[in-house]
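Undergrad: Have a look at this one before I ask anything.
The values are calculated or read from the model by the stated rules, or taken from the named source; none is laboratory data. On a predicted model such as this, the values are computed, not experimentally measured, just so you know. Using ideal geometry, Cβ is built from the backbone for each residue, glycine included, and neighbour counts are taken over all protein chains shown.
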Amino acid sequence: MSPGKRERLVSAGIDVDEALSRFLDNESLFERFLNKFLEDRNYLKLGEAIASGDNEAALAASHTLKGLCSNLSMKRLTELFTLQVKAYRAEDPDLAASMMPEISKAYDETVAAISE
Amino acid sequence: MDILRDDAAISDMILIVDDDDINRGILDNIFSQYYSIDEAENGRTGLEKILKDPDRYCAVLLDIMMPEMNGIEVLKRLRDEELTEKIPIFLITAEANNETLHEAYRLGVMDVILKPVTPYIVLRRINSIVELFRARKRLGNRVERQNEKLIESAKKIIELNKGMIEALSTAIEFRNGESGEHVRRIHDITEFLLKETELGAGMTSEEIANIALASIMHDVGKIAIPDNILGKPGRLTKEEFEIMKTHTTQGGLLLEKIPQLRDSGVYSYAYDIARHHHERWDGRGYPDGLKGDEISLWAQIVSIADVYDALSCKRVYKDAFPREKVLQMIKDGECGVFNPKLLDCFFRAEETLCKLYTA
């Protein structure tokens, strides 16, 4: 991994050192999974579920994203999805939905950092 | 060699059940150095894989929130099939509330591991439990094989015992010119009357086997009877007959002196039969003059079997009688007085028993 890429990932809120230790310092595996994150459809599902008012589907997608982001040490996104899941569990879907702009911003930054 | 065989049946495959392939990939990467890996992308597929071949997996890593069937439902099914006792199940989850955790432990998960996983810790926790299950299984396998061996040797010992008892009894029968067939027939007649008629009602097959084995020893007391009396072709004098009669009490005394026999389930029957197989229903038998139900059922059965066999075969003092004559003599009470119910069962069974003498 180039120092430039590492820096971009870190500034997008990814704890690269922690993530690498989870992949047993297998950098190429880590990068492969970062690319898989780009293909993951849960973020799309989350948007669709919120738009159609399907709280159950929204919770499932948000929950999966939370686990996914935490495994990839995406600290900012993990924190946001954790709060969102909490809001759904507390039966407060409006609060959960209201977090979307902030989540989208962090998500887009993360995607950009990986894709560059 | 034994250790190799113990291990042979123990799998080294972990099943990872998670709907997210990144999560599966991370766990795969951690465990694949130590285990072979199988994956399922939802609860239903995971459950089907486990049910199809439970012995294939040494551990299951289970996500909770999954499409098709969630982790808790999978766990319930595994618990119902009693598989949670055989395969350690680990929940790997991003978050779980207390209620879910309680439910999971109640259903039999071995451990709950929170995402994101830390490789060193998840490995240590899972390895130690997999090792525990393996040790338990190895031990179980070994105990099972030792049990099989024990049962096998117990069977051999029982066979050997029976052989020794037959040998002793046959050796004694040889002295008055009979083959080993007599004791074997007494055994078979006794067993048949207990198994196939109401005489054996309420007895276990073990009790019946013990009584049949005991019947073989009914005449062991004859070892104490002098040759000139035992082998005398003609009628015995009164004094000679008195001596002959002591084979019943001598039999009891002899059996009493074998400590290994005294400890076995056969002894009480053997003693009783040896001592009382010449008692009569009317109280005019020997040595104790017991009457009616004072005589045990088994002593009565061996008594009639002995008479029947003696009449049906050639003896030093007589020829074999034809079947009709044998039955007539028993009916007329020429060879002793028997319990009417016993006679009834005996005559019905005799249809089959007579085949013992035609071969």
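Undergrad: Could you pull out every one of the helices (runs of 4 or more DSSP H) wholly within segment A:1-67 that has 3 or more residues that are within 23 Å of A:Ala90 (Cα to Cα)?
TA: By residue number, A:42-51.
Undergrad: If you check B:Val143 against the conditions, is it outside any loop (DSSP other than H, G, I, E, B), within 30 Å of B:Ala209 (Cβ to Cβ), modelled with pLDDT of 85 or more and in the same structural domain as B:Ala96 (by TED's automatic domain parsing)?
TA: Judged against the criteria, B:Val143 is a match.
Undergrad: Another one. Select from segment B:177-206 the residues that are surrounded by fewer than 18 Cβ atoms within 10 Å (Cβ to Cβ) and acidic (Asp, Glu) and list them in ascending order.
TA: Once the filter is applied, which keeps residues that are surrounded by fewer than 18 Cβ atoms within 10 Å (Cβ to Cβ) and acidic (Asp, Glu), segment B:177-206 yields B:Glu181, B:Asp188, B:Glu196, B:Glu198, B:Glu206.
Undergrad: Which pairs do you get when a residue that is at the interface with another protein chain (Cβ under 7 Å from one of its Cβ atoms) and farther than 17 Å from B:Asp20 by Cβ, found in segment A:53-76, comes within reach of a residue that is part of a helix (DSSP H, G or I) and at pLDDT 90 or above, reach meaning Cβ atoms under 7 angstrom, with the pair 6+ apart or on two chains?
TA: none
Undergrad: Another question, if that's okay. Pairs only if they're at least six apart or on different chains, beta carbon under 7 angstrom, first in segment B:123-148 and surrounded by 17 or more Cβ atoms within 10 Å (Cβ to Cβ), second among the aromatic types (Phe, Trp, Tyr); list them, first residue then second.
TA: Final answer for the pair search is B:Ile126/B:Phe90.
Conditions (1) modelled with pLDDT under 85; (2) of a type in the set (A, V, I, L, M, F, W, C); (3) surrounded by fewer than 12 Cβ atoms within 10 Å (Cβ to Cβ); (4) in contact with a strand residue (DSSP E or B) (Cβ under 6 Å, 6 or more places away or on another chain), marked per residue:
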position: B:Ala320; (1), (2), (3), (4): yes, yes, no, no
position: B:Lys325; (1), (2), (3), (4): no, no, no, no
position: B:Val337; (1), (2), (3), (4): no, yes, no, no
position: B:Leu342; (1), (2), (3), (4): no, yes, no, no
position: B:Phe346; (1), (2), (3), (4): no, yes, no, no
position: B:Glu350; (1), (2), (3), (4): no, no, no, no
position: B:Leu356; (1), (2), (3), (4): yes, yes, no, no
position: B:Ala359; (1), (2), (3), (4): yes, yes, yes, no
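Undergrad: Another question, if that's okay. Does A:Arg32 fit the bill of being within 14 Å of the chain's Cα centre (by Cα) and either at pLDDT 90 or above or within 12 Å of chain B (Cβ to nearest Cβ) (or both)?
TA: Judged against the criteria, A:Arg32 is not a match.
Undergrad: Here's a follow-up. Scan segment B:175-193 for residues that are of a type in the set (A, V, I, L, M, F, W, C) and closer than 18 Å to B:Ala274 by Cβ and jot them down.
TA: B:Val183, B:Ile186, B:Ile189, listed by residue number.
Undergrad: State all residues of segment B:104-122 that are facing another protein chain (nearest Cβ under 10 Å), in contact with a Phe, Trp or Tyr (Cβ under 9 Å, 6 or more places away or on another chain) and either buried (at least 20 other Cβ atoms within 10 Å of the Cβ) or free of Cβ contacts under 8 Å to residues at least 60 places away in the same chain (or both); if no residue qualifies, say none.
TA: B:Val122 - this is the single residue of segment B:104-122 that is facing another protein chain (nearest Cβ under 10 Å), in contact with a Phe, Trp or Tyr (Cβ under 9 Å, 6 or more places away or on another chain) and either buried (at least 20 other Cβ atoms within 10 Å of the Cβ) or free of Cβ contacts under 8 Å to residues at least 60 places away in the same chain (or both).
Undergrad: Restrict the check to segment B:223-232 and report whether at least one residue is buried (at least 20 other Cβ atoms within 10 Å of the Cβ) and farther than 21 Å from B:Ala305 by Cα.
TA: Checked segment B:223-232: at least one residue is buried (at least 20 other Cβ atoms within 10 Å of the Cβ) and farther than 21 Å from B:Ala305 by Cα.
Undergrad: Please specify each residue of segment B:32-64 satisfying the condition of being surrounded by fewer than 22 Cβ atoms within 10 Å (Cβ to Cβ) and within 11 Å of chain A (Cβ to nearest Cβ).
TA: Scanning segment B:32-64 gives B:Ser32, B:Gln33.
Undergrad: Given A:Glu79, A:Glu39, A:Glu48, A:Glu91, which one is acidic (Asp, Glu) and within 12 Å of chain B (Cβ to nearest Cβ)?
TA: Result: A:Glu39 is the single residue among A:Glu79, A:Glu39, A:Glu48, A:Glu91 that is acidic (Asp, Glu) and within 12 Å of chain B (Cβ to nearest Cβ).
Undergrad: What residue, among those in segment A:36-67 that are more than 10 Å from the chain's Cα centre (by Cα) and among the basic types (Lys, Arg), is nearest to A:Ala112 (Cα to Cα)?
TA: A:Lys36
Undergrad: Given the criteria over 22 Å from the mean Cα position of the chain (by Cα), in contact (Cβ under 8 Å) with a residue 40 or more places away in the chain and assigned to a helix (DSSP H, G or I), does B:Gly221 qualify?
TA: Yes: the conditions hold for B:Gly221.
Undergrad: Something else now. I'd like to check something: does segment B:160-176 contain any residue that is part of a loop (DSSP other than H, G, I, E, B) and surrounded by 15 or more Cβ atoms within 10 Å (Cβ to Cβ)?
TA: yes
Undergrad: Here's something else I'd like to know. Search segment B:286-297 for residues that are under 17 Å from B:Ala270 (Cβ atoms) and pair each with any residue that is part of a helix (DSSP H, G or I) when their beta-carbon atoms are under 6 Å apart and the residues are at least 6 apart or on different chains.
TA: Within 6 Å, the pairs are B:Pro287/B:Thr248; B:Pro287/B:Thr249; B:Ile295/B:His276; B:Ser296/B:Asp272.
Undergrad: Looking only at segment B:78-103, which residues are surrounded by 17 or more Cβ atoms within 10 Å (Cβ to Cβ), modelled with pLDDT of 90 or more and more than 14 Å from chain A (Cβ to nearest Cβ)?
TA: B:Leu78, B:Ile87, B:Pro88, B:Ile89, B:Phe90
Undergrad: When you go through (1) modelled with pLDDT of 90 or more; (2) not in a helix (DSSP H, G or I) one by one for B:Ile189, which number turns out not to apply?
TA: (2)
Undergrad: Among what's in segment B:19-31 and is more than 7 Å from chain A (Cβ to nearest Cβ) and hydrophobic (A, V, I, L, M, F, W, C), pick the residue that is nearest to the chain's Cα centre (by Cα).
TA: The qualifying residue nearest to the chain's Cα centre (by Cα) is B:Phe31.
Undergrad: What residue, among those in segment A:68-82 that are assigned to a helix (DSSP H, G or I) and of a type in the set (S, T, N, Q), is nearest to the chain's Cα centre (by Cα)?
TA: A:Thr78
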